1. What number does the range 188-311 give for Rg over Rh if you use C-alpha atoms and the Kirkwood radius?
2. In nm, to one decimal, how far is the ASP277 label point from the LYS246 one, both placed 7 Å along Cα→Cβ?
3. Using only the Cα atoms, what convex hull volume per residue in Å³ does the range 209-258 have?
4. Over the C-alpha atoms of the range 550-619, what are the Rg and the largest Cα-to-Cα span, Dmax, in Å?
5. Over the range 186-310, what relative contact order in percent results from Cα pairs under 8 Å that are six or more residues apart?
6. Given 0.36 nm per residue, what is the gain on full extension from ARG214 to ARG265 after removing their alpha carbon distance, in nm?
7. Suppose each label sits 7 Å from its Cα in the direction of the beta carbon; what would the LEU507-SER483 distance come out to in nanometres?
8. Find how much the distance from SER433 to VAL222 grows on full extension, using 0.36 nm per residue of separation minus their present alpha carbon separation; answer in nm with one decimal.
Amino acid sequence: MNAAIGKSVSPDGISKLLSIPKPDSFTHLPEIILQVTNLEPKGKSYGFDASDGKMKIKAIFSSRLSSEILSGNIQNLSLIRVLDYTVNEIPSKSEKFLIITKCEVVSPALEKEIKEVVEQEESDIDMPLKKPKLENEVKSENIQEAKGLILKPKQEIVAKSAAQIVHEQRGNMAPAARMAMTRRVHPLVSLNPYQGNWTIKVRVTSKGNMRTYRNARGEGCVFNVELTDGDGTQIQATMFNEAAKKFYDRFELGKVYYISKGTLRVANKQFKTVQNDYEMTLNENSEVEEASDEAACIPETKFKFVPIDQLGPYVNSKDLVDVIGIVQSVSPTTSIRRKSNNDTVPKRDIVVADETKKTVVVSLWNELATSVGQELHDIADKSPVVAIKSLKVGDFQGISLSTLGKSIVQVNPVIAESEKLRTWYDSEGKETSMASVGSGLSPSAKSGARSMYSDRVSLSHITSNPSLGEDKPAFFSIRAYISFIKPDQTMWYRACKTCNKKVTDALGGGYWCEGCQKNDAECSLRYIMVVKVSDGSGEGWVSAFNEEAEKIIGCSADELDLLKSQIGEENTYQQRLKEATWNPHLFRISVSQNEYNNEKRQRMTVRAVAPVDFAAESRFLLEEISKMKGSQ
């Protein structure tokens, strides 16, 4: 009783914690003393309700503090001083969750739970000191239920050690909790194909669509999930046929589960999507139980964001990327017909930008196009932040992104990167001129993009091989001259200043953008032109888009249009085109096959262009000569 009076909890301690959810080393923390109530094991750690007498918050001790609990230093109803912590949100709920990473014991277990603290107010009137109000004594015949756990009468629960608590809880827990208590929960990193029985506790961080297949043994169905444990280790689990039908509805994205009776095998590097040497298979006899009270113990979706201007190395690779950006525009939903089975699937394009001042088009497919895509369309005028996990990087318009069945899209996520991006955009980003990342394939290898000196070929190597680019675009580097630019070609198009898509004349004036679904008083001109290039082996026609064409011509399309429109000064326009020819350039080009009038034609597109660095070019040629000598 004296301990309760002499050492009490901090008034409004929980509110103080919530006001500073993630303190750093520079944060000055006030003294916060809380009471530990409802202490219980949570896997390898221990959970409890932290109380300041007025408020409670779900909490868990870091696994590093487990020894303090097992030794009896920290007990149920004891008081602790919080020295370091983090406040997280519980997924899919509006609750907060406190993670204690460092604390010290202020008092051993009190006789009762402190229910409410009433501070003495300063007054000229003499009033007796009000003592902390304590919880009414629990009668021996009353049984309090909390989280499916039946507690013993008061005199039996005071100052119990963790070992006693564990012993009493085992028989009364829900099935999922009992699985954790009766079996050791294995970390994913410890699993291998030669183990016997194991149980894991994981969060579903990605869930694929149910797919059908056909092979020599008949038809079947399959789907997979990506699982993450408390240490952040990931593994992919696959289910076929009956197991797929059994577990598809049971697995929900973001929820935590106990899983056992699965098998492991060495992962196929060609198809694996997570960093793990093994992959898991679950059959119809595998056990999967939701662990609803364990949500905060497992980290939520983790992102590894790639800045938009560093997407170049990922083009057409097997590696998937995570991207975060400000939504610039959202297109209406369109229907695309698949060549494989003639089915139509919904698609919606969004344009996002980040602090690199680059934009990229992200194609949302299937349900993402109609669900979160519609949500983004409705709030596009507010420029929301969007974080997307597991995107495929393609070469459409230089660089583009596409969602997959496993992709995750979060709108205005509550993460540090989102807050930083929002601050940047509101302060300066909205007034900044953005450029498409399609021009971001820098000639410098330092930027992470392919070097202009890799895959170097002559023009004749490309033009003499008409089958190049049949299955997928092929990429090469060439050194060539611009030998001719048609002056009478359509060299540009009128584009929306927001999304760069083509605009049309609007009724009543201005320009209508189908992508942004809005009228604008002005538009910009963007290059879309073809030029002839030549080297010592031959010549060919290449297509060049805005950023690359600006480097070739030496001015913007708006400036060139102004020269062309000057009355009596037509030679100025012709002179500018002439000045752009017979200058050497290094080109990074893609080669693909287009069909025109039922005839396949080879198409070369400029992906990056740079002036020739003669010192670097000389070193490259010397290396090539050395290689030729070495091969003789």
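The values are calculated or read from the model by the stated rules, or taken from the named source; none is laboratory data. Owing to the predicted nature of the structure, the values given are computational and were not obtained by experimental measurement. Neighbour counts are summed over all protein chains in view; Cβ atoms, including those assigned to glycine, are modelled from backbone coordinates with ideal geometry. The accessibility values were calculated without ligands, DNA or RNA, using every heavy atom of the protein model including side chains. Shrake-Rupley method; radii C 1.70, N 1.55, O 1.52, S 1.80 Å.
1. Numbers: Rg = 15.0 Å, Rh = 15.3 Å.
Radius of gyration over Kirkwood radius for the range 188-311 works out to 0.98.
2. So the two model labels end up 3.0 nm from each other.
3. Values: hull volume 4.2 nm³, N = 50.
Output value, Cα hull per residue: 84 Å³.
4. Rg then Dmax for the range 550-619, in Å: 16.8, 48.
5. Relative contact order for the range 186-310 comes out at 28 percent.
6. Details: separation 51, 0.36 × 51 = 18.36 nm, distance 2.28 nm.
In short, 16.1 nm is gained.
7. Between LEU507 and SER483, the label points sit 5.1 nm apart.
8. Values: separation 211, 0.36 × 211 = 75.96 nm, distance 4.58 nm.
Once the chain is fully extended between SER433 and VAL222, it gains 71.4 nm.
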